[in-house]
Amino acid sequence: MSERREPSELPEIGFKAALLVFAAGQSLLPESSVTPWFILAILIYLCTNLLFYLLRKESLRPAIAVLSIGVVIASYPDFPMMILLLPAHLFELSSVVAGKRGVASFLLMLIPLALIPRDLMFLYLLIAAVALIYFMVLNRYGSKLRGQRSELERMRGELERLHVKLQENNEFLRQSEYTVKLEERNRLSQDIHDNIGHAMTSALIQMEAAKRLIRTDPDKSSLLLDNAIHISKEGIESIRFDLKRMKPPTEQMGVNRMKLFVDEFSAKHPIRTAFSYEGNIDFITPIHWRIIQENTKEALTNTMKYAEATAVSIHVQVLPTLIKATVADNGRGHTKIVKGIGIVGMEERTAAVGGKIIVDGSRGFSVTTLMPYTP
């Protein structure tokens, strides 16, 4: 895996390159001439600086920084302006050796002043001050960026951990659901065996006995048949009771399906969605629930496409003779409603049970479904 480049390296290289261009330009004044020694010094200087950033071993960086300083000092007698490159390298050496970036680094930059001619002192001090400020700001920026990168890595790791945990929880839920189904099947099988199975077996035995006694003892045979009929009726009633107990109420199925649909919509879209109901929901038949859910789905689709809403409410109300379902959002609405395929489909769907659709765009956008029912 390749190492990442530090965020401050490129600006550091740019600053050194600017200093080099400035120093080289000052050395190549009209009265000066380009000598092979000058070109060699520049090339060696460039090579040592490139090595500093190309080599990733921290143990070699101090030696390379010292080598760069040595190249600058060696070039100073012939090219005095090269001494202006020292501040950046002294700051760099202080950072990689002692990790100090501040007053100590600036004091280290001042050491070469004893060797610098008086006419270069002001320029040298100016470049040293600029280098100190530049690298301090750059260091602070790099520290923040490294902190943000570390926090991003931590959050990425936390996200991966939560993802794994979510997968484990989903697997646990699937296993739990499967276990509950198995337990329910086992309980139902046991109930059938203990109650209905025994009853049917007893009735069958008595009917077999009645068949044998129908000619020799009609009265006894009739009594046995009556008992078998009674046991069979009890068995049938037991089956009906178990089935009725297992089957959820119609209104519970409709409400739960609407809640599930609303939850799925809220999870997929950035719109706050609320569902409420009032009245005797038992009067809403499965066909009514199907129309309500399909009309709600179409209305929410229109909300997503055109309304630019942040919240939508779904309210189902059972009135004395009408079932009223309203989907309303807080979007921009329209004073003029153009009936497209969606609204026409809602009208046709509702008209099949004698109902009607009311669409209003004056305050947001709302679709009201009205359907008659017989109490």
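Listed conditions (1) in contact with a Ser or Thr (Cβ under 8 Å, 6 or more places away or on another chain); (2) open to solvent by less than 90 Å² (accessible area, probe 1.4 Å); (3) at pLDDT 80 or above are all met by residue 214, apart from (2). With respect to residue 172, is the statement that it is in a helix (DSSP H, G or I), of a type in the set (A, V, I, L, M, F, W, C) and either more than 30 Å from residue 91 (Cα to Cα) or open to solvent by 100 Å² or more (accessible area, probe 1.4 Å) (or both) true? When the stated conditions are applied, residue 172 passes them.
Of the residues that sit in the stretch 181-212 and are over 10 Å from residue 231 (Cβ atoms) and of a type in the set (S, T, N, Q), which one is farthest from the chain's Cα centre (by Cα)?
Looking only at the stretch 181-212, we keep the residues that are over 10 Å from residue 231 (Cβ atoms), and these are 181-197, 208-212.
When the remaining residues are screened for being of a type in the set (S, T, N, Q), the result is 186, 189-190, 195.
Working: 186: 40, 189: 44, 190: 46, 195: 52 Å.
The extreme case among them is 195.
For the list (1) within 30 Å of residue 238 (Cα to Cα); (2) surrounded by 12 or more Cβ atoms within 10 Å (Cβ to Cβ), I need the number of the one condition that residue 183 fails. So the condition that residue 183 fails would be (2).
Among the residues making up the stretch 66-80, a single one is hydrophobic (A, V, I, L, M, F, W, C) and modelled with pLDDT under 75: 79. In summary, residue 294 fulfils each of the numbered conditions (1) crowded, with 17+ Cβ neighbours inside 10 Å; (2) part of a helix (DSSP H, G or I) with the single exception of condition (1). Scanning the stretch 347-356 turns up one or more residues that are in contact with a strand residue (DSSP E or B) (Cβ under 6 Å, 6 or more places away or on another chain), buried (at least 18 other Cβ atoms within 10 Å of the Cβ) and touching a residue at least 40 places away in the same chain (Cβ under 8 Å).
The one condition from (1) within 21 Å of residue 254 (Cα to Cα); (2) more than 34 Å from the chain's Cα centre (by Cα) that residue 338 does not meet is (1). For the stretch 112-161, the candidate set comprises residues that are small (Gly, Ala, Ser) and open to solvent by 70 Å² or more (accessible area, probe 1.4 Å); within that set, the residue that is farthest from residue 82 (Cα to Cα) is 150.
Selection of the stretch 301-323 for residues being open to solvent by 70 Å² or more (accessible area, probe 1.4 Å) and under 27 Å from residue 372 (Cβ atoms) yields 320, 321.
When we screen 141, 178 for residues that are in the same structural domain as residue 109 (by TED's automatic domain parsing) and not aliphatic (A, V, I, L, M), the only hit is 141.
Residue pairs whose Cβ atoms lie under 7 Å apart, sitting 6 or more positions apart in sequence or on different chains, and linking a residue in the stretch 131-148 that is modelled with pLDDT under 75 to a partner that is open to solvent by less than 70 Å² (accessible area, probe 1.4 Å) and of a type in the set (S, T, N, Q), are 138/8; 139/8; 142/8.
Please determine, by comparing only the residues of the stretch 264-291 that are closer than 20 Å to residue 356 by Cβ and free of Cβ contacts under 8 Å to residues at least 40 places away in the same chain, which one is surrounded by the most Cβ atoms within 10 Å (Cβ to Cβ). Only one residue tops the list, namely 289.
The values are calculated or read from the model by the stated rules, or taken from the named source; none is laboratory data. This one's a predicted model, so the numbers in the text were calculated from it and none came from an experiment. We place every Cβ from the backbone using ideal geometry, glycine too, and count neighbours over all the protein chains shown. SASA here: full protein model, heavy atoms, side chains in, ligands and nucleic acids out. Shrake-Rupley method; radii C 1.70, N 1.55, O 1.52, S 1.80 Å.
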